[in-house]
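Novice: Shown below is the structure under consideration.
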């Protein structure tokens, strides 16, 4: 990271930033170009490491790309505000970037992943088992192998 003064090094604080984000952008390797798609997500922990869950249709470009190349990059950010400074205009923001492998999950883990997504989206009590589109929904897990954070803090 070029601006070490903006790096977030505490893993707990990086996860706190991620929890404050409402969307993750999923970076996939396409045939000719990279493909980036925003997804709703849920955050969990497995063996002491952060895990992201996201969902989507069982068919389509995202699904095809994940099947061919499951290695992904995830990015999430929060713009706090733009601010004029002595050097120009800056964005006060915080962000995280991570890498991992997206794998489809089924059964109890699929339901747990959907619960994590619903909880993050503000609906922790939504009954995922009775969802009409459950059979047609794919749920993926990304065990994050690296996660970094950056913050351009608000001026005091």
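Novice: Efficiency by 1/(1 + (r/R0)^6): what FRET value for residue 64 and residue 16, r their Cβ-Cβ distance, R0 = 35 Å, to the nearest 0.05?
Specialist: Approximately 0.55, to the nearest 0.05.
Novice: Specify the angular offset, from 0 to 90 degrees and rounded to the nearest 10, of the alpha carbon long axis of helix 107-120 from the longest principal axis of the alpha carbons in the chain.
Specialist: 30 degrees
Novice: Let me check against my output: what whole-number percent is the relative contact order of the chain, with C-alpha pairs under 8 Å and at least 6 apart?
Specialist: Result for the chain is 31 percent.
Novice: Hey, what angle do you get for helix 11-20 against the long axis of the chain, alpha-carbon based, 0 to 90 degrees rounded to 10?
Specialist: 70 degrees
Novice: A further question follows. With r as the distance between the Cβ atoms of residue 92 and residue 71 and R0 = 22 Å, compute the FRET efficiency 1/(1 + (r/R0)^6) and round to 0.05.
Specialist: About 0.10, to the nearest 0.05.
Novice: Based on the mean of other beta carbon atoms within 10 Å per residue, what is the order of 63-71, 142-150, most packed first? Provide the component values of the computation, followed by the final result.
Specialist: Numbers: 63-71: 15.0, 142-150: 17.2.
My ranking of the peptides, most packed first, is 142-150, 63-71.
Novice: Which whole-angstrom value gives the distance between the alpha carbon centres of segment 1-64 and segment 113-127?
Specialist: Each part reduced to its Cα centre gives a spacing of 17 Å.
Novice: May I pose another question? Give me the extension gain from residue 135 to residue 101: residue separation times 0.36 nm, minus the current Cα-Cα distance, reported in nm with one decimal.
Specialist: Details: separation 34, 0.36 × 34 = 12.24 nm, distance 2.29 nm.
Contour length minus the Cα-Cα distance gives 9.9 nm.
Novice: Can I ask one more? Checking a compactness column here: for segment 4-151, what do you get for Rg(Cα) / (2.2 N^0.38 Å), N being the number of residues? Please report the intermediate quantities before stating the final value.
Specialist: Numbers: Rg = 16.5 Å, N = 148, 2.2 N^0.38 = 14.7 Å.
This ratio for segment 4-151 stands at 1.12.
Novice: To the nearest 0.05, what FRET efficiency results for residue 5 and residue 108 with a Förster distance of 41 Å applied to their C-beta separation?
Specialist: Computed FRET efficiency for residue 5 and residue 108: 0.40.
Novice: Do the sum for the chain: with -39,500 (n - 2.57) for every DSSP H run of n ≥ 4, divided by all residues, what is the mean residue ellipticity at 222 nm, to the nearest 500 deg cm²/dmol?
Specialist: The helix-only estimate for the chain comes to -6000 deg cm²/dmol at 222 nm.
No lab work stands behind these numbers, since they all come straight from the coordinates. In this text, all values refer to a predicted model and were calculated from it rather than measured experimentally. Reconstructed Cβ throughout: ideal geometry from the backbone, glycine too, with neighbour counts over all protein chains shown.
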